[in-house]
Amino acid sequence: MIQKHIGFLLVIIAIGLFVPGILLTMFTLTMEMAVDVSGSSFASELVNKNLSIITTVEELWQQDRFLVSILIFAFSVLIPIFKTAIVTAVYFIKRQDLQIKLINFVAVIGKWSMADVFVVAVFLAVLSTNHAQSAEQQQLSFLGMKIGFEISTQTLSFVGQGFYFFVAYCILSLLGTQLMFHGLKAQANTIIKNK
């Protein structure tokens, strides 16, 4: 029985981590270009983005990438909220048969909500280009004069606070749901034995 209460407490803490997890910066991406001509250097920042899950969904939507935007929103926002609502209902429902049915349903959709972890992993894999640097030497001939110059780019990406909140949410949510599931099963078995 105590497992059910501890599990519910972990789910509530997980929701507290979920909100900053989707709103805070998940990763930062910067890209700079520098041109060096005869000892003089010019630098320009091409990209500087701080992206959370929500801002990523918004940006993808604005770029007409509707399917990707909808999938990220569904797996990273809607399913976790839906799952938490059901787990909360399970905690307060008194009918054991309904509790077991709902928690089994949560276990099924919980597997689908693991897609949010996959999405975050893909983001980080794609953007784990820390210190990716390229330099290219060029020579320009103009009216018989040769001018040498070098163009270099540097791409950096960093994990933000939102990533850590979101990972903590995923772990605590899964742990809390499992504890509630085992607590409810133990409670059901105790009632069956006492009959």
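Worth pointing out:
- Full extension of the segment from Thr153 to Gln137, taken as 0.36 nm per residue of separation minus the current Cα-Cα distance, would add 4.5 nm.
- Distance between the 7 Å Cα→Cβ label points at Ile171 and Val35: 4.8 nm.
- Placing a pseudo-label 7 Å from each Cα along the Cα-to-Cβ vector at Arg65 and Ala89 gives an inter-label distance of 3.4 nm.
- Estimated FRET transfer efficiency (Ser44, Ile109; beta-carbon r; R0 35 Å; 0.05): 0.15
- In the range 29-95, a dipole from Cβ-located charges (positive for Lys and Arg, negative for Asp and Glu) runs towards its positive end, and of Ile72, Tyr91, Thr55 it is Tyr91 whose Cα lies farthest in that direction.
- Förster radius 25 Å - calculated FRET efficiency between Ile2 and Tyr164 (Cβ-Cβ, nearest 0.05): 0.30
- Whole-Å distance, taken between Cα centres, linking the range 165-195 and the range 36-51: 53
All of the numbers you see were taken from the coordinates with simple rules; none came from a lab. Predicted, not measured: the structure shown is a model, and the values here were computed from it. Please note: Cβ atoms are built from the backbone with ideal geometry, for glycine as well, and neighbour counts cover all protein chains shown.
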